[in-house]
């Protein structure tokens, strides 16, 4: 009642995103678990690391997957922060603050 579309539409989108992030987190947690397993599974497989498009030093494939694992863990934490921010909505104003369309008082 008496809400501006400039408040309602962004708030509705944030609320919708909140629930989609739940689905995304389920998938990211599965990926994180899989990468943790691959880090362990490949811990004995030695390969050559590359840097600046050149062969560099020996590392294990497990170390490489550890980097992927670490990245996904950080993204999960970022998604949780983003999801929490979706709960802050901007409802309560009238069109350009004029009060037009609002009930008296």
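Every read-out reported here was derived from the displayed coordinates using simple, explicitly stated rules and does not represent laboratory data. Keep in mind it's a predicted model, so treat the numbers as computed, not measured. Cβ atoms come from the backbone with ideal geometry, glycine included; neighbour counts cover every protein chain shown.
How would 52, 86 line up from fewest to most surrounding beta-carbon atoms within 10 angstrom?
Values: 52 5, 86 17.
Sorted ascending by nearby Cβ count, the order is 52, 86.
Figure the gain on full extension for residue 94 and residue 53 (residue separation times 0.36 nm, minus the Cα-Cα span) and round it to one decimal in nm.
Details: separation 41, 0.36 × 41 = 14.76 nm, distance 5.70 nm.
Contour length minus Cα-Cα distance gives 9.1 nm.
Any idea what diffusion coefficient the chain gets from Stokes-Einstein, in µm²/s, Kirkwood Rh on alpha carbon pairs, 37 °C, 0.692 mPa s?
Values: Rh = 17.5 Å.
Estimated diffusion coefficient is 188 µm²/s.
Between residue 19 and residue 43, what is the FRET efficiency for a Förster distance of 35 Å, r being their Cβ-Cβ separation, to the nearest 0.05?
0.40
I'd like the orientation of helix 5-41 relative to the chain: the angle between its Cα long axis and the longest Cα principal axis, in ° from 0 to 90, rounded to 10.
10
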